[in-house]
Structures are given as C-alpha cells and as structure tokens.
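Presented below is the structure to which this report refers.
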Amino acid sequence: QKTQCSNSLEKGAKRMLKDITFGQYFPGESIIHRLDPRMKLILIVAYIVLLFVADGLFSLLIGAGMGVIFYALSKLPWKLVIKCIKPIMPIIIFTAVLNVFFVEGEPIFEWKFISISEKGVLTAVLMCIRIICLIAGSSLLTYTTTPIALTWGDPSAKLHTVWAFMPKRCAAFT
C-alpha cells in the first residue's frame, strides 16, 4: 500500500515538473535564438521597463503586441506561453480579486459591504496583462538562450578574458 502511494506521488511530481517550462532552453534557429545574449538581456530589461511605465490599456496592449511579435519571431510553440503562465495563475487571480474589491472609485456594483468600481476592474485587467507579459517575456529569454550563454553573456567569450578581471585570490580557486 505504501509503495503504491509513493509511486503515485512520484508520477504526479514528474507530471508537474514536466508542465513547468520556466528556465528551460528550447533549441532553435530563429532570429531571436541567434541574437547576442547581451542584446537579449538589454531588450528584456527595456521590455520590463516599458511594461512598468505603461499606465493605460493602450500602452500595455502595445507591450503585449511586442511580446506576441517576439514569440512569433522565435518560432517557439505557442503552448509554451500557456505553460509558463499556468503556474502563476493563482497569483494573477489573487491580484485581480484584490484590485477589483479594494481599489476605490465610482461603484458599478454594490451589495452590503462589497463594492466593485470601474477603476478597480480596469486596474485588475491592467495588472493581469502586465504580469502575464512580464512572465512570458522573461520566459522567452530563457527559452531562446542557453544557460551558459546567459551566465557568460557571450558563448564565444574566452575564459581568460573573464579571468583578467577577477581578483588574483578568486582566480586561484577556479
């Protein structure tokens, strides 16, 4: 009985880990895959700044459209977007509920102590779009760049050029 239960738990854990794709690299020959890792880091930071600076639905939709274009250029399967969003859906839903019920404004629905405002609904929608774009954009970086390329910034960099900037005592241990 105990081994049957542990086998069931192992299968469930393996299935869950298979569904989580964040941080995995998917090989490809797209224009996004071929970009220099340093350029990808600069672009993802700029994309994140754009999403945080965006203050309205139109500007966030422009950011989401850019994300769709980047995914299309990467030639990755679209199901990867869903797989990277799925684990954070509880956080997205929780954030939306908090915004809907606790952002004050002109009420569109009231019942006893519950009040929903138009501003709360709009804030919830904007926050959901922002979180989804942040996670999907960050995932695109790891989907199209090997971990070693992200670590070194450039896969063709020679190790000795990095050592030149290391303190002597740190270089002795490598």
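Can you name the residue in segment 34-60 that is part of a helix (DSSP H, G or I) and touching a Lys or Arg at 6+ places or on another chain (Cβ under 8 Å) and, of all such residues, is nearest to T142 (Cα to Cα)?
L51
Please work out if L80 is at pLDDT 90 or above and either out of contact with any helix residue (DSSP H, G or I) (no Cβ under 7 Å at 6 or more places or on another chain) or not hydroxyl-bearing (S, T, Y) (or both). Considered against the rule, which asks whether it is at pLDDT 90 or above and either out of contact with any helix residue (DSSP H, G or I) (no Cβ under 7 Å at 6 or more places or on another chain) or not hydroxyl-bearing (S, T, Y) (or both), L80 comes out as no. Select from segment 42-67 the residues that are open to solvent by 70 Å² or more (accessible area, probe 1.4 Å) and within 13 Å of the chain's Cα centre (by Cα) and list them in ascending order. Correct list: V45 only.
Output the residue which, of all residues in segment 84-114 that are crowded, with 16+ Cβ neighbours inside 10 Å and more than 25 Å from A46 (Cβ to Cβ), is modelled with the lowest pLDDT. In this case the residue turns out to be V103. Filtered by the rule that a residue be over 17 Å from L80 (Cβ atoms) and open to solvent by less than 30 Å² (accessible area, probe 1.4 Å), segment 131-150 gives a lone residue, A149.
The values are calculated or read from the model by the stated rules, or taken from the named source; none is laboratory data. This structure is a prediction, so every number in the text was calculated from the model and none was measured. Cβ coordinates were reconstructed from backbone atoms using ideal geometry, including for glycine residues, and neighbour counts include every protein chain displayed. With ligands, DNA and RNA removed, areas are computed over all heavy atoms of the protein, side chains included. Shrake-Rupley method; radii C 1.70, N 1.55, O 1.52, S 1.80 Å.
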